[in-house]
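The values are calculated or read from the model by the stated rules, or taken from the named source; none is laboratory data. Fair warning: this is a prediction, and the values are worked out from it, not measured in the lab. Positions of Cβ are backbone-derived with ideal geometry, glycine not excepted, and every protein chain shown enters the neighbour counts.
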Amino acid sequence: MPANVHLSPEFRMEIVADAADIDELQHVSNIAYVRWIQDAAAAHSAAVGFAWPDYQRIGGMFVVRKHEIEYLVPALLGDRIELVTWVSELRGATSRRQTRVVRKHDQVELARASTLWAYVAADTGRPSRVPKEVQLAFLGVAVGRGAS
């Protein structure tokens, strides 16, 4: 499925590159980008109603199978950055999430990522079909709020 497909609404999260994010080359470390991308995914999940306790309640969770990150322009100390993320594919036990990392003041895209997530059962660690309630939450469909 093409990366520009948006199955879920976009989720936006703003951060500022701080001293802990900077590497010996004096720009944001690739490790910080991975952390930001995962933090944005977790915040998006919580925003649609699935924070960590919710996954514990339903007995499953998403784990990363693969990250692909294309670094375009370095981020520097103090840069205000917006992460824009969405689900582009959701089928079976997998979900593909796209993330754009954009410098706020000039809207320059610093990096883009595609992450393949696998949904696994908490008790076995084995892949499991993404539950319907999770699918609907990411697709922006109201669940259990009077919707029929």
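When region 54-100 is filtered for residues that are β-branched (Val, Ile, Thr) and over 15 Å from Leu110 (Cβ atoms), the ones remaining, listed by number, are Ile58, Val63, Val64, Val87, Thr94. The number of residues in region 99-129 that are in contact with a Lys or Arg (Cβ under 8 Å, 6 or more places away or on another chain) and not small (Gly, Ala, Ser) comes to 14. Being in contact with a Leu (Cβ under 9 Å, 6 or more places away or on another chain), at pLDDT 95 or above and among the acidic types (Asp, Glu): is that true of Glu82 here? Considered against the rule, which asks whether it is in contact with a Leu (Cβ under 9 Å, 6 or more places away or on another chain), at pLDDT 95 or above and among the acidic types (Asp, Glu), Glu82 comes out as no. Among the residues of region 44-78, the one identified as buried (at least 16 other Cβ atoms within 10 Å of the Cβ), over 14 Å from Glu133 (Cα atoms) and among the small types (Gly, Ala, Ser) is Ala75.
Can you pull out every residue in region 103-118 that is under 13 Å from Glu82 (Cα atoms), of a type in the set (A, V, I, L, M, F, W, C) and surrounded by fewer than 17 Cβ atoms within 10 Å (Cβ to Cβ)? Scanning region 103-118 gives a single hit, Val108. Scanning region 26-67 for residues that are outside any helix (DSSP H, G or I) and of a type in the set (Lys, Arg) gives Arg65, Lys66. Residue count for region 7-62 under the criterion of being at positive phi and modelled with pLDDT of 95 or more: the result is 2.
Test Ala111 against the stated conditions and say whether it is touching a Leu at 6+ places or on another chain (Cβ under 7 Å), in a loop (DSSP other than H, G, I, E, B) and in contact (Cβ under 8 Å) with a residue 40 or more places away in the chain.
Working: touching a Leu at 6+ places or on another chain (Cβ under 7 Å): yes; in a loop (DSSP other than H, G, I, E, B): no; in contact (Cβ under 8 Å) with a residue 40 or more places away in the chain: yes.
Here the answer is no, as Ala111 does not meet what is asked.
Scanning region 88-121 for residues that are within 30 Å of Ile58 (Cα to Cα), modelled with pLDDT of 95 or more and touching a helix residue (DSSP H, G or I) at 6+ places or on another chain (Cβ under 7 Å) yields Arg97, Thr99, Ala113, Thr115.
For region 84-108, how many residues are part of a strand (DSSP E or B) and in contact (Cβ under 8 Å) with a residue 60 or more places away in the chain?
As a first pass, look at region 84-108 and keep what is part of a strand (DSSP E or B): 84-91, 94-103.
Then keep just the ones that are in contact (Cβ under 8 Å) with a residue 60 or more places away in the chain; that gives 84-90, 96, 98-99, 101.
Residues that pass the stated criteria total 11.
Within region 139-147, the presence of at least one residue that is over 30 Å from His27 (Cα atoms), at pLDDT below 95, more than 19 Å from the chain's Cα centre (by Cα) and of a type outside the set (Gly, Ala, Ser) is confirmed.
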